[in-house]
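Okay, structure first, notes after.
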Amino acid sequence: FFFFAGMLRTGRLAAALSFRRNIATNFVPRRFNSSDSESEMRTATLIPGDGIGPEIAEAVKNIFAAAEAPIEWETVVVSTEHVKPGEPLLSQEVIDSVNKNGIGLKGPITTPIGKGHPSLNLTLRKTFNLYANVRPARSIEGFKTKYDNVDVITIRENTEGEYCGIEHEVVPGITQSLKVITSAASVRVANHAFKVAQMLNRKKVTAVHKANIMKQSDGLFLKSCQEVAARYPHIPFEIQTLDQVCLKLVRDPSQLDVMVLPNLYGDIISDLCAGLIGGLGLTPSGNIGTECSLFEAVHGTAPDIEGKNLANPTALLLSGTMMLRHIGLSEYADKIDDATLRTIRSNVRTGDLGGKATTTEFTDAIIKNMQQ
């Protein structure tokens, strides 16, 4: 009570409520009955990942348990260390678990650069048809960065574009990579963007493109967005080139709100937005599909601090609360989010946020704040 009364006096309650709304997804999936009791146990797939992944996953489990969130974790392995030549990148156990549970939380996974097996992250998105990546970025009160007015959501097409994986060597010294854009995928992600904007009462949707150069592929993406925008005449819609958006974000982020982008542009812009609020360690992310959704920390595996109890679990934790809202468990999500933001404001922070707290100390502080 005293925490919320203090927030109300200082205007922090409005900020906290806005933060909650920003990390919501678009609806409770049909397979989860929103009329069910919030105390009913749900099973979620947990993919700890590589590097610091298992450490931050353990922190999230401890915080969820302290919050009494009705989540039972089913842990499966997706890791670069377990990839074997000639064998599937994802085990049948992983596929069955995600399909059965419909929701999952994933830690960081190593992606080989320039050689080796295909990206496991990309493989997960394609396998489960996770067509939209939703990445909110909002300035956190009490954590000072160069910008105090960041409040944007990037919604990235997640299945095609430059990341479709179609590339080859034409002749030695010349390679070719194909960019695939379809109207079906473009309409689907644009529709999701407008649904999110409508649900969260956002001020506008911006379609980001390079149709001035890639007239066929980005032209089709842009045309698809315009068709969807016509169904939502009450939501302001604009089109901006990728370079225009980059310029606006670094000059004045308040000029943007909800952005819908093809795959590669969304990857770049969402990381740029994370940098505006303090880094990927503070940024939640959700990959939304029609039958299942997978929420994830999008930062790296940080092998330099692996096993040293120094990792920041915030990104994975906030992705976990996105997952809770996605299945209608907002009360528990609010409880965890409030305690996490309060902890960051109190200067109990891990090293990446300029503090000296260990993973355990940061986790314990969040749990303590939940109990006050």
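Per the conditions (1) in a loop (DSSP other than H, G, I, E, B); (2) crowded, with 20+ Cβ neighbours inside 10 Å; (3) of a type outside the set (D, E, K, R), the sole criterion not satisfied by Pro118 is (2).
If only one of Val98, Val150 is open to solvent by less than 10 Å² (accessible area, probe 1.4 Å) and closer than 23 Å to Lys248 by Cβ, which one is it? Lay out the reasoning, then the answer.
Values: Val98 fails: closer than 23 Å to Lys248 by Cβ.
Matching residue, one of Val98, Val150: Val150.
Exactly one residue out of Asn133, Asn149, Asn129 is farther than 30 Å from Arg345 by Cβ and of a type in the set (S, T, N, Q), and it is Asn129.
Looking only at residues in the stretch 279-309 that are more than 19 Å from Arg138 (Cβ to Cβ) and among the hydroxyl-bearing types (Ser, Thr, Tyr), the one that is surrounded by the fewest Cβ atoms within 10 Å (Cβ to Cβ) is Thr290. When Thr321, Thr358 are checked against the criterion of being modelled with pLDDT of 95 or more, closer than 19 Å to Ala66 by Cβ and open to solvent by 10 Å² or more (accessible area, probe 1.4 Å), a single residue qualifies: Thr358.
Condition check for Val208 on (1) surrounded by fewer than 13 Cβ atoms within 10 Å (Cβ to Cβ); (2) assigned to a strand (DSSP E or B); (3) β-branched (Val, Ile, Thr): one failure, at (1). Between Thr75, Thr145, Thr111, the distinction of being at pLDDT 95 or above and surrounded by fewer than 18 Cβ atoms within 10 Å (Cβ to Cβ) belongs to Thr75 only.
Could you count how many residues in the stretch 239-278 are assigned to a loop (DSSP other than H, G, I, E, B) and either closer than 22 Å to Lys146 by Cα or open to solvent by 40 Å² or more (accessible area, probe 1.4 Å) (or both)? Lay out the reasoning, then the answer.
The initial filter retains those residues of the stretch 239-278 that are assigned to a loop (DSSP other than H, G, I, E, B), namely 252, 256-257, 262, 278.
Pick out the ones that are also either closer than 22 Å to Lys146 by Cα or open to solvent by 40 Å² or more (accessible area, probe 1.4 Å) (or both) and you get 252, 256-257, 278.
Qualifying residue count, the stretch 239-278: 4.
Please find, within the stretch 168-205, the residue that is nearest to Thr154 (Cα to Cα) out of those that are among the polar types (S, T, N, Q) and in a strand (DSSP E or B).
Of the stretch 168-205, the ones among the polar types (S, T, N, Q) are 175-177, 182-183, 186, 191, 198, 201.
Imposing the further condition that a residue be in a strand (DSSP E or B) reduces the set to 175-177.
On the way: Thr175: 31, Gln176: 28, Ser177: 25 Å.
Result: Ser177.
Being at negative phi, surrounded by fewer than 17 Cβ atoms within 10 Å (Cβ to Cβ) and touching a helix residue (DSSP H, G or I) at 6+ places or on another chain (Cβ under 8 Å) is the filter here; which residues of the stretch 165-181 pass it? Break it down into steps so the answer makes sense when it comes.
Step one: of the stretch 165-181, the residues at negative phi are 166-172, 174-181.
The next check asks that each one be surrounded by fewer than 17 Cβ atoms within 10 Å (Cβ to Cβ); those that pass are 166-172, 174-178, 180.
Hits for the stretch 165-181 are Ser177, Leu178, Val180.
The values are calculated or read from the model by the stated rules, or taken from the named source; none is laboratory data. What you see is a predicted model, and the numbers here were worked out from it, not measured in a lab. Reconstructed Cβ throughout: ideal geometry from the backbone, glycine too, with neighbour counts over all protein chains shown. Only protein heavy atoms, including side chains, enter the accessible area calculation; ligands, DNA and RNA are left aside. Shrake-Rupley method; radii C 1.70, N 1.55, O 1.52, S 1.80 Å.
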